[in-house]
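What follows draws every value from the coordinates through simple rules; no lab data is involved. For clarity, every value in this text was computed on a predicted model and none was experimentally measured. No Cβ is skipped: glycine too gets one built from the backbone with ideal geometry, and neighbour counts run over all protein chains shown.
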Amino acid sequence: MLVFISLGVGLQYSLNRLATVNGVPFIPYVFWMSIFSGTALLALAFVRGAPPPLSWPHLRAYGLLAMLGMAAPITLFAFIAPKLPASIISLVQSLIPGLTYMLAMAFGMERWRALSVVGIGLGLAGVLLIVVPETSLPEPAMAGWMVLAVLGPVCFALCIIGAARFRPPEARSVSMAAGVALCAALFLLPAMAVDGSWWFFDSGFDLGAQALIYVSIFYFFFWLCFFEIVRLAGPVFFSTVNYLATFSGVVWGMIFFGESFSSWVWGALALMVAGLYVLGRSARSGRRSHIAT
């Protein structure tokens with residue numbers, strides 16, 4: 001499940017760019033993605049005899065995770081997709097394990113480990129290596145969009161921690177997945193009304209519409225795998241999805257758009273990969289220490 005999610009997370013940045021540069025407005029894009037994946041998940045939940053419960057603890061979890069895991073960050077990434085290369089946006093994925101670790105530590109879910117701090121520092125250094133030098137990005141003006149893109153990993157890290165802390169113990173993964181996806185669509189309805197963007201396949205089944213369908217299929221599987229992985233292995237383990245997602249995002253960007261990097265970005269990628277490796281070593285040592293005690 002982790003490998004599948006990693007490949008799909010990297011691919012979604014290219015799909016976001018394909019959709020938005022081909023005329024799909026970014027708010028309707030996320031809205032219909034949520035509706036399509038959520039409706040399919042709801043049907044599966046009823047087939048499995050597990051419709052989403054509507055008690056307050058469940059509604060609170062749906063709302064919190066929908067905002068942090070889909071409505072806010074995916075809308076943000078869809079908005080900036082035309083502003084930055086897809087492979088560059090995917091690099092910020094490498095920040096999620098470090099942010100998740102820091103939040104888990106703040107909530108008493110993880111212990112302090114100096115090695116993890118080193119890994120976090122390497123990831124942040126990688127981001128600075130992209131943002132600070134004027135020649136690192138194709139256009140210097142992209143640096144501001146890159147800083148904005150970092151808000152996405154913050155939301156995702158909060159979502160991962162929230163899934164571990166606020167999921168009702170008896171809730172099944174398919175119920176949570178359906179509730180979160182449909183709740184994300186509800187959050188986006190007011191934004192669509194204010195913006196007046198009521199797009200619905202206005203240009204038929206063109207490349208942008210196809211990208212929307214593909215990313216909707218991905219999110220059907222993403223939410224199922226997300227809740228199962230967090231339930232079985234915990235939030236910090238799930239955050240390691242970004243090991244492969246960072247690489248896959250770069251590769252997909254090269255395949256779809258022929259994107260290339262400056263030496264600064266290659267250096268940043270090396271720092272981010274080193275940071276992910278150090279975080280992985282720290283997480284493994286932490287698990288061994290926990291087992292020993």
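Counted by neighbouring Cβ atoms within 10 Å, the residues CYS155, CYS225 run from fewest to most as CYS225, CYS155.
For the chain, hydrophobic long helices are taken as DSSP H runs at least 30 Å long by C-alpha position along their axis with mean Kyte-Doolittle hydropathy of 1.0 or more; these are 26-47, 173-195, 207-233.
By other beta-carbon atoms within 10 Å, ranking VAL174, VAL3 with the fewest at the front produces VAL3, VAL174. Distances between every pair of Cα atoms in the stretch 53-128, grouped in 5 Å steps from 0 to the bin holding the largest one, split as 3, 13, 15, 17, 18, 15, 11, 6, 1 percent. Highest GNM mean-square fluctuation among TYR219, TYR13, TYR277, for the chain modelled with Cα contacts below 10 Å: TYR277. Recomputing Rg and Dmax of the Cα atoms in Å from the coordinates shown identifies the correct label among [x] 22.6, 71; [y] 29.8, 86; [z] 18.7, 61 as [z]. Each residue, ALA233 and VAL3, gets one label point 7 Å from its Cα in the Cβ direction; the gap between the two is 1.2 nm. Counted residue by residue at 0.36 nm each, then reduced by the alpha carbon distance between them, the extension gain from LEU148 to VAL194 reaches 14.3 nm.
For GLN210 and ALA43, the FRET efficiency from 1/(1 + (r/R0)^6), where r spans their Cβ atoms and R0 equals 25 Å, is about 0.65. For the chain, modelled as a Gaussian network with Cα springs under 10 Å, which listed residue fluctuates most, PRO168, PRO85, PRO190? With Cα springs under 10 Å in the chain, the top fluctuation among PRO168, PRO85, PRO190 is at PRO190. Neighbour counts of other Cβ atoms within 10 Å put ARG17, ARG172 in the fewest-to-most order ARG172, ARG17.
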